[in-house]
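First the structure, which I've put down as structure tokens, then a few questions once you've had a look.
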Amino acid sequence: MPNGASMDDPLSRYRPIVDDYGAFRAACERPLPKAVRVNTVKATPDEAVAALEDDGVGVERADWCDTVLRTDTDRPGNTWAAVHGWIHGQEEVSAVPARVLDPQPGEAVWDACAAPGGKATQCSALMDDRGTLVANDSNLGRLSGLRFNAERLGLTSPVVTNRDARNYSLKPFAFDAFDRALVDAPCSCEGTIRKNPDALAEWGEGYLDEISTLQTDILRRAVQATRDGGTVVYSTCTFAPEENEAVLDAVLDAEDCRLAPLDLPLTHAPGVTEWDGQRFDDSVARAARIYPHHNDTGGFFVAKLEVGA
Amino acid sequence: MSDAGNDGSQFDRLPATDAERTDPERATRAEALDWWDERFGVPPETFADHTLWEKGAGKVWLFAGEATDPTEGVEGLGMTFLRTRQEHWKPTTDAVQRFGRHATRNVIELDDAAARRFLAGEELEPEWDGDWGYLIVAHQIAGRTEPIGVGLYTYDTLKSTVPKGRRREL
């Protein structure tokens, strides 16, 4: 196993790349704060706060994003605000990739791995529910959750599809390329350790090879399906460079795209350019590694790609 | 343009008006929007940027984006909007929650306790002197009147049509 980690303690392999390893491990042990995102298609942040407070829920606004609220209840779904689709339970850091993607009203946007729909519905809201938001997932079982969420949030821009993202066809659509695409890839989910203590149970190097091939194939298809000048965002909830910078490195080699600088109003570390004896393209340092101890969130990786000329 | 018949596996765009209709049973865009206007006073301009589509027998969808006509191979196209091809057309909970706030008639406002019972799926006997049939059921929240869902009012009772998966005990 690389970097002397053991199966008993997979996180120990990140000791060489994490800025404050003790704080990192301590944060991974703490439960995750609860957060919701305001669905601005139906309500303003002020209205959502008022409705939650009327239901006796304590609310704190995130300073980096006006639609992210931290709540003091474990069950924000059991409120009038949720019944009306004014809010959606969504971990704070998972609101980052849609913000980085920055979809605009009227655009054609693809969320390649969309279920259960937190990021896709956030994209729709950022588009003011105008345009086409193609929310795809290959897993039919997870698709029902996506549809339920999109319906409750009252959105009219999502098109829901159930296909393999790796060879995705734009045939049903009235356009031949997307303006933007989000690949929030299936991953080993180490970053979700705070909400799911079993996240590391199936971890292993064989799994890493398999998942990084899948991630690379999906991201390549997203770059191909996005117009010249368009934007592709790649994100995962894992710390593994094999699933993050190595995937970017492979896609930079294979497709016409480049890393764009990120303007991220959250504490983060740059992407790593070396790992386990492998050297990556220097530009992968433009990606962001968000560790749990940085902002008291889950762990996350996000990168922004510009497509073509 | 859509085929004469109705194909349950694809989304067919509603014809704009009766003159363009090939399937005599299919609702037109004008009929669907007039229905919202007549029943609830929601003006047709509310949906000026949307297209209307039918999939299956009578389920009409409201879509903000671009798609070819017909569209095949997709699970959903926007939101479900209206149930047609039956004697009494029925708006969906999703559409009423989103667009019912523009309604000016056939809206029944419940107090907090009654609103909670309606959300839980209970049948109520509220004061109502208006029309029978499908009503928008609303309550006060955060300083405004907000629709919860669709109620069916007949014989002095208001039946909750909130779908089972959306019912809650608050």
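What follows is calculated from the coordinates using simple rules that are stated; it is not laboratory data. Here the structure is a predicted model, which is why all the values come from computation and not from measurement. All Cβ positions, glycine included, derive from the backbone under ideal geometry; neighbour counts span all protein chains shown.
Return the whole-Å distance between the Cα centroid of region B:107-170 and the Cα centroid of region A:173-231.
Cα centroid to Cα centroid, the span is 43 Å.
Here's a follow-up. Which whole-percent values make up P(r) of region B:124-167 when all C-alpha to C-alpha distances are grouped in 5 Å steps starting at zero?
5, 22, 28, 23, 16, 7, 0
Hey, another quick one. So, R0 is 22 Å and r is the distance between the beta-carbons of A:D63 and A:A269; what FRET efficiency does that work out to, to 0.05? Spell out each step's value before the answer.
Working: r = 20 Å, r/R0 = 0.89.
For R0 = 22 Å, the calculated efficiency reads 0.65.
So, one more: Assuming a ≥ b ≥ c are the square roots of the Cα gyration tensor eigenvalues, decide whether region A:26-99 counts as rounded (a/c under 1.5), prolate (otherwise, with a/b larger than b/c) or oblate.
It comes out oblate by the Cα gyration axes.
So, one more: From the gyration tensor of the Cα coordinates in chain B, what semi-axes in whole Å does the equivalent ellipsoid have, largest first, with each one equal to sqrt(5λ)?
In descending order, the three semi-axes are 31, 16, 15 Å.
Taking just the alpha-carbon atoms of region A:167-294, what radius of gyration and Dmax come out, in angstrom?
My reading of the Cα-based Rg and Dmax gives 15.3, 46 Å.
Using only the alpha carbon atoms of region A:247-301, find the Kirkwood hydrodynamic radius as the inverse mean reciprocal pair distance, in angstroms to one decimal.
One decimal place: 12.2 Å for the Kirkwood radius.
Based solely on its DSSP helices, what 222 nm [θ] is calculated for chain A when runs of n ≥ 4 H residues each add -39,500 (n - 2.57) and the sum is averaged over all residues, nearest 500 deg cm²/dmol? Walk me through the numbers on the way to the answer.
Details: 9 runs with 85 residues, N = 309.
Mean residue ellipticity at 222 nm (helix-derived): -8000 deg cm²/dmol.
Can you give the local net charge around A:P261? Use residues other than it whose beta-carbon is closer than 12 angstrom to its beta-carbon, Lys and Arg +1, Asp and Glu -1.
+1
Run through the DSSP bridge list for region A:164-309 and note the antiparallel percent, rounded to the nearest 5.
Around 75 percent of the beta bridges assigned by DSSP in region A:164-309 are antiparallel ones.
State which entries of B:K55/B:K90; B:K55/B:K159; B:K90/B:K164; A:K119/B:K164 exceed 23 angstrom in Cα-Cα distance in the structure shown.
Table pairs above 23 Å Cα-Cα are B:K55/B:K159; A:K119/B:K164.
For region A:89-235, report the convex hull volume of the alpha-carbon atoms normalised per residue, in Å³, without decimals. Walk me through the numbers before you get to the answer.
Values: hull volume 16.2 nm³, N = 147.
Cα-based convex hull of region A:89-235, divided per residue, equals 110 Å³.
Starting from the Cα of A:R227, move 7 Å in the Cα-to-Cβ direction to define the label point; list residues of region A:158-182 whose amide nitrogen is under 13 Å from there.
A:174-181
Here is a further query. Of the options B:F81, B:Q97, B:V107, report the single residue whose Cα projects farthest towards the positive end of the charge dipole of region B:66-107 (beta-carbon charges: Lys, Arg +1; Asp, Glu -1).
The residue sitting most towards the positive pole is B:V107.
Looking at region B:82-170, which GluC sites (Glu not before Pro) are in a loop (DSSP not H, G, I, E or B) and have at most 16 other Cβ atoms within 10 Å?
B:E87, B:E122, B:E123, B:E127, B:E169
With charges set only on the Cβ (+1 for Lys and Arg, -1 for Asp and Glu), what does the dipole of the protein assembly as shown come to about its Cα centre, in debye to the nearest 20?
440
A follow-up question, please. Using alpha carbon centroids, what distance separates region A:106-132 and region A:239-279, in Å?
Between the Cα centre of region A:106-132 and that of region A:239-279, the gap is 24 Å.
For a paramagnetic label modelled at 7 Å from the Cα of B:D7 toward its Cβ, which residues of region B:64-99 fall within the zone defined by backbone nitrogen distances under 17 Å?
The answer is B:67-77.
Kindly provide log₁₀ I(q)/I(0) values, in the same order as q = 0.13, 0.16, 0.22, 0.26 Å⁻¹, from the Debye equation applied to equal alpha-carbon scatterers of region A:90-175.
Debye output, listed in q order: -0.36, -0.55, -1.07, -1.41.
While we're on this one: Roughly what % antiparallel, to the nearest 5, for the DSSP beta bridges in chain A? Don't skip to the end; give the middle numbers.
Details: 28 of 45 bridges.
Rounded to the nearest five, the antiparallel share is 60 percent.
Can you find, among B:Q140, A:C187, A:V59, the residue sitting farthest towards the positive end of the charge dipole of the protein assembly as shown, where Lys and Arg contribute +1 and Asp and Glu -1 at Cβ?
B:Q140
With label points built 7 Å along Cα→Cβ from the Cα atoms of B:A57 and B:E25, find their separation and express it in nm.
Result for the modelled spin labels: 0.6 nm.
Can you compute the helix-only [θ] at 222 nm over chain B? Use -39500 (n - 2.57) per DSSP H run of at least 4 residues, normalise by all residues, nearest 500 deg cm²/dmol.
Calculated from helices alone, the mean residue ellipticity at 222 nm is -4500 deg cm²/dmol.
Further question: Pop a pseudo-label 7 angstrom from the Cα along the beta-carbon direction at both B:A120 and B:D18 and give the gap in nm to one decimal.
It is 4.8 nm.
Would you calculate the separation in nanometres between label points at A:T44 and A:R30, each defined as 7 Å from the Cα along the Cα-to-beta-carbon direction?
Placing both labels 7 Å beyond Cα along the Cβ direction yields 3.3 nm.
Taking region B:1-73, how much of its Cα-Cα pair set, in percent, is spaced more than 18 angstrom apart? It would help to have the intermediate numbers written out before the result.
On the way: 940 of 2628 pairs.
That tail contains 36 percent of the Cα-Cα pairs.
What Kirkwood hydrodynamic radius, in Å, does region A:205-260 give when the mean of 1/r is taken over all pairs of distinct Cα atoms and then inverted?
One decimal place: 11.6 Å for the Kirkwood radius.
What angle do you read, to the nearest 10 degrees and between 0 and 90, between the alpha-carbon axis of helix B:29-40 and the longest principal axis of chain B?
Here the helix axis deviates by roughly 10 degrees.
Just to verify a number: FRET efficiency for A:D8 and A:T213, C-beta to C-beta distance, R0 = 35 Å, to 0.05?
Working: r = 26 Å, r/R0 = 0.75.
Calculated value: 0.85.
Let me ask another. Applying 1/(1 + (r/R0)^6) with R0 = 41 Å to the Cβ-Cβ distance of B:D69 and A:R70, what FRET efficiency is obtained, to the nearest 0.05?
Step by step, r from the Cβ atoms, then E = 0.40.
Here is a further query. Taking a ≥ b ≥ c as the square roots of the eigenvalues of the Cα gyration tensor of chain A, is the shape rounded (a/c under 1.5), prolate (a/b larger than b/c) or oblate?
oblate
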